[in-house]
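Read the structure below first, then the notes.
The values are calculated or read from the model by the stated rules, or taken from the named source; none is laboratory data. All of these numbers come straight from a predicted model, not from anything done at the bench. Note that we place each Cβ from the backbone using ideal geometry, even for glycine, and neighbour counts take in every protein chain shown. Calculation scope for accessible area: heavy atoms of the full protein, side chains included, ligands and nucleic acids excluded. Shrake-Rupley method; radii C 1.70, N 1.55, O 1.52, S 1.80 Å.
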Amino acid sequence: MINVLLQQVFVMFFLILVGIYCRYRRIVTDIGKKTISNLVLYVILPFNIIHAYLVDLESDFWISFYQIILVTILYQVAAGIICIWGYKNVEKENRCIYQYATMCSNAGFIGNAVAEAVYGQLGLIYASIFLIPQRIMMWTVGISFFEKQNRKNALLKILTHPCMMATGLGMILLLFQIHLPQVCVKMITSVSNCCNALTMMYLGMVLYGMNIKKVIKKRQLYYSFIRLVLIPGAVFILCRLLSIDRLAAQVCVILAGMPAGSTTAILATQYHKDEEEAVGCVCGSTLLSMFTIILWGYLCSMFL
């Protein structure tokens, strides 16, 4: 399990280095970086979201389904409370970055890969279930952190956002177990597979030339403690109290302890926030997660 965790983290940092190299060699310019941001957010991410819901749920899974949904809903509620009260000392301009990053982890990238590699197909299904509320929240409440316009206009923008529309379609496909033609599944999968690499390379492009003090500072450590220690610790205790199925509980804890979602940096760029602050948030928490994910993996194997 530990080897799989390390492999995923190393892959992620390799992709970041590729992005740095592209900027260093001027393969990608500032205009190109902006184009990649638009491509990921408005085209590739929606396909990636739909792809996550293309799983078959057997009748035997429904008990675990409801257990996982209960845990992840409570987890999202707790994250929402932290978003309201946990970042009062952060200036308003950057507060939305940490609020979004608290609600949206990188579980869809590292978490899914780890769940499938360690626990097999059943682990991947559990991970997909766990991510349902997060995907809904990140494209509703999460976007609202960045959208500070008139509430009616902001709501309309959120509901018509490609990622939100993809979430709604994905939910319909999952809950009603609608099976798309195989050619459609292959097309969706092909576009979806571009997401992880492009997103992480984009982080490297933003990271190039960035002041290292933006990545390592007290604010990042405070956020990382919340994201990597406090939240998974609460989920760990909750799973113990509710006596949830062992495998389902382990998947919940591991995914709850993932670092900041890489979409944090993309949204910060799109909404003209401090993208260096956002990249520092993502990269700083990802670096620390190399140690905390392994720790939670060990604790789960011993006590769950």
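General remarks:
- Vicinal HN-Hα couplings computed from phi for the stretch 166-178 (Karplus, 6.51 cos²θ - 1.76 cosθ + 1.60; Hz; Gly/Pro x): 5, 4, x, 5, x, 4, 4, 4, 6, 5, 9, 6, 7
- Estimated FRET transfer efficiency when R0 is 30 angstrom, pair ARG25-LYS92 (beta carbons, to 0.05): 0.20
- Here the chain is scanned for GluC sites (Glu not before Pro) in DSSP loops (not H, G, I, E, B) that have at most 10 other Cβ atoms within 10 Å, and the longest stretch holding none of them is 92-304.
- The chain, relative contact order in percent, only Cα pairs under 8 angstrom and at least six apart counted: 32 percent
- In this rough spin-label picture, where each label sits 7 Å from Cα along the Cβ direction, the VAL191-THR35 distance is 1.9 nm.
- Förster radius 45 Å - calculated FRET efficiency between VAL183 and ILE84, Cβ distance, rounded to 0.05: 0.50
- Nonlocal amide H pairs with MET258, under 5 Å, H built at 1.01 Å: none
- Under the Karplus curve 6.51 cos²θ - 1.76 cosθ + 1.60, θ = phi - 60°, whole-Hz ³J(HN,Hα) for the stretch 218-230, x wherever Gly or Pro sits: 4, 4, 5, 5, 4, 4, 4, 4, 5, 6, 9, 10, 5
- Taking the convex hull of Cα positions in the chain, its mean projected area over all directions (nm²): 15.2 nm²
- Amide H partners (placed H, <5 Å) of SER105, local residues excluded: GLY261
- Kirkwood-type hydrodynamic radius, the stretch 205-304: 14.4 Å, calculated from all non-identical alpha-carbon pairs.
- Whole-number accessible area per residue in Å² for the stretch 20-103, which is evaluated in the context of all protein chains at 1.4 Å: 53 Å²
- Net length gained if the chain between LEU169 and LYS218 were fully extended (0.36 nm per residue, minus Cα distance): 13.6 nm
- A simple rule links phi to the HN-Hα coupling: the Karplus curve 6.51 cos²θ - 1.76 cosθ + 1.60 with θ = phi - 60°, which for the stretch 133-138 gives x, 4, 5, 5, 5, 5 Hz, with x for Gly and Pro.
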